[in-house]
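Engineer: Sharing a structure here in structure tokens format.
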Amino acid sequence: MATSEITLAIQPAQRFSITDVNHLLREEHGDFLHGFPKALYTSFHTTAGYFEQAVCNELSHSRDSLQDFVRAYQKLYPAGAGYRHDMLEHRDELTEAQKVNEPLNGDSHLTFIGTGLLNCVTYDVKEDNPAYFVDLDGVFRSQRRTRKTTITGFTEEVVAEERCIRVPASRSRVDAFNLRDTRLGFLDEIDAHIQRLGISKGRVELSLSNDERGAALTVNEYETLLMRHDLADVIRNPFRFVAEQGWHMLRDPRSVPSKALNYAKYDFVLVVNRLLDKLGLRGTPVEKVTDRLIGSAAARRLHMKRAVSLPISDQATSGVGRVLHGTYQSPILIQWRSAAQEARCLEVKFVAFE
């Protein structure tokens, strides 16, 4: 059976909401995925996406359990905790008119990155299993935002080619690099390979090679204050913002006493332990994620990924595949350990759907 693709619109009722896309798909388009053993789910937003199917399996595909899991991590990034991203007076890329309508959502971006939400996931299609679209910023000033998600049904994946593409890194310990920057030509090179290979529907998998340590990948908004300050602060200390919110009365919000950080860490540990007990997740990969977070050195990795995927589609021109991305989406390389050289090897896998 040939691949099939459809795009749905979602209007969340709350700022943090979870929508079963499979249920919505059946309501609006019947048995669209019938006959397809696999499906690719794509979000075009930087504060809304999907968890890997393995995470949903661990949580028994329960909406309530998934909500509890996300809310535990939202305690690390409370709304209004003094994010530089939300200080619009310093956002030089925005016009004065744009600043009026710009959401203050630094917390949502950091939750997306820190919990390991993804822009693009592949699921095995199983009858009655949900596919949850997790939105962290779906309502702004009482206005419901319109979100888009594309679902592609397919039978199998065929790896057309694998290659290493070198991307910038630096000797700075903490840094982030926008791989969508046109000066790099990274996505142009990817698209050229896609067209050479004749892929019209599929995905590009970007992953860090085994010898590339102290780094991760995400797909999010590359906004300078968010990447260079807020995310860097989280990498240095994952409990930074929850502690700052508790000490907001300080004249200098950057002078957070170590005692406040200890209280924040202790409070987070209690929340997570209660959550693990409630969901019966002791000894599972979910507990290992929280152990990495609570530990000192490994905490800097949070739940960030070493691999992400970018969807390939011929939506714009039939038969000519290109990488699909939302307006503000960029593949981003994040590092918390100095690179051995001023470039890192990204293993790029070109996958065609059949």
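Engineer: For the stretch 138-236, what is Rg from Cα atoms divided by 2.2 N^0.38 Å, rounded to two decimals?
Structural biologist: Numbers: Rg = 17.3 Å, N = 99, 2.2 N^0.38 = 12.6 Å.
Taking N as the residue count of the stretch 138-236, the ratio is 1.37.
Engineer: Counting other Cβ atoms within 10 Å of each Cβ, which GluC sites (Glu not before Pro) in the stretch 13-81 have at most 14 and sit in a DSSP loop? Present the calculation step by step, with values, prior to reporting the outcome.
Structural biologist: Values: sites: 27, 28, 52, 58; in loops: 52.
Sparse-neighbourhood loop GluC sites (Glu not before Pro): none present.
Engineer: Just to check I understand the Karplus step: with θ = phi - 60° and J = 6.51 cos²θ - 1.76 cosθ + 1.60, what whole-Hz values come out for the stretch 142-155, glycine and proline as x?
Structural biologist: For the stretch 142-155, the Karplus-derived couplings read 6, 9, 6, 7, 9, 10, 10, 9, 10, 10, 10, x, 8, 9 Hz, x marking Gly and Pro.
Engineer: Ok, one more. Provide the gained length on full extension for the span residue 29 to residue 320, in nm with one decimal, where the gain is 0.36 nm per separating residue minus the Cα-Cα distance.
Structural biologist: On the way: separation 291, 0.36 × 291 = 104.76 nm, distance 2.58 nm.
Result: 102.2 nm gained on full extension.
Engineer: Right, next: Multiply the residue gap between residue 97 and residue 156 by 0.36 nm, knock off their C-alpha separation, and tell me the result in nm, one decimal place.
Structural biologist: Working: separation 59, 0.36 × 59 = 21.24 nm, distance 4.69 nm.
Extra length from residue 97 to residue 156 when fully extended: 16.6 nm.
Engineer: Report the equivalent ellipsoid semi-axes for the stretch 166-206 in whole Å, largest first, defined as the square roots of five times the eigenvalues of the gyration tensor built from alpha carbon atoms. Mind showing how you got there, number by number?
Structural biologist: Numbers: eigenvalues 136, 23, 11 Å².
Here the semi-axes work out to 26, 11, 8 Å.
Engineer: What does the net charge come to around residue 38 if you take all other residues with beta carbon closer than 9 Å to its beta carbon, with K and R at +1 and D and E at -1? Before the final figure, lay out the partial values.
Structural biologist: Values: positive: none; negative: 124, 156, 157.
The answer is -3.
Engineer: I'd like the FRET efficiency for residue 354 and residue 181, computed as 1/(1 + (r/R0)^6) with the beta carbon distance as r and R0 of 30 Å, rounded to 0.05.
Structural biologist: Working: r = 33 Å, r/R0 = 1.10.
About 0.35, to the nearest 0.05.
Engineer: Would you pull out the residues with amide H under 5 Å of residue 44's amide H, same chain only if 5 or more places away, H placed 1.01 Å from N?
Structural biologist: Hits under the 5 Å cutoff: 148.
Engineer: Further question: Which whole-Hz ³J(HN,Hα) couplings does the stretch 79-89 yield from phi under the Karplus relation 6.51 cos²θ - 1.76 cosθ + 1.60, θ = phi - 60°, glycine and proline marked x?
Structural biologist: Calculated HN-Hα couplings, in order: 4, x, 9, x, 6, 4, 4, 8, 8, 4, 5 Hz.
Engineer: Going through the stretch 23-66, which chymotrypsin sites (Phe, Trp or Tyr not before Pro) have at most 14 other Cβ atoms within 10 Å and a DSSP loop state? All intermediate terms of the calculation are to be shown ahead of the outcome.
Structural biologist: Working: sites: 32, 41, 44, 50, 51; in loops: 32, 44, 51.
Taking the stretch 23-66 and a limit of 14 other Cβ atoms within 10 Å, no loop chymotrypsin sites (Phe, Trp or Tyr not before Pro) are found.
Engineer: With a 1.4 Å probe and all protein chains kept in place, how much accessible area does residue 86 have, in Å² rounded to the nearest 10?
Structural biologist: 30
Engineer: If packing is taken as the mean number of other Cβ atoms within 10 Å per residue, what is the order of 8-19, 107-118, 227-238, highest first? Walk me through the intermediate numbers first.
Structural biologist: Working: 8-19: 16.6, 107-118: 24.4, 227-238: 20.5.
Highest-to-lowest ranking by the protection proxy: 107-118, 227-238, 8-19.
Engineer: What's the extension gain from residue 57 to residue 141 if we count 0.36 nm per residue and subtract their Cα-Cα distance?
Structural biologist: On the way: separation 84, 0.36 × 84 = 30.24 nm, distance 3.44 nm.
Here the answer is 26.8 nm.
Engineer: Here's a follow-up. How do 21, 242 stack up against each other in accessible area, from largest to smallest, with a 1.4 angstrom probe? Don't jump to the answer; show the numbers that get you there.
Structural biologist: On the way: 21 0, 242 35 Å².
The ranking, largest first, comes out as 242, 21.
The values are calculated or read from the model by the stated rules, or taken from the named source; none is laboratory data. Just so it is clear, the structure is predicted and the values come from calculations on it, not from any experiment. Heads up, the Cβs are rebuilt from the backbone with ideal geometry, glycines too, and the neighbour counts pull from every protein chain shown. What goes into the accessible areas is simple: the full protein's heavy atoms, side chains included, and nothing from ligands, DNA or RNA. Shrake-Rupley method; radii C 1.70, N 1.55, O 1.52, S 1.80 Å.
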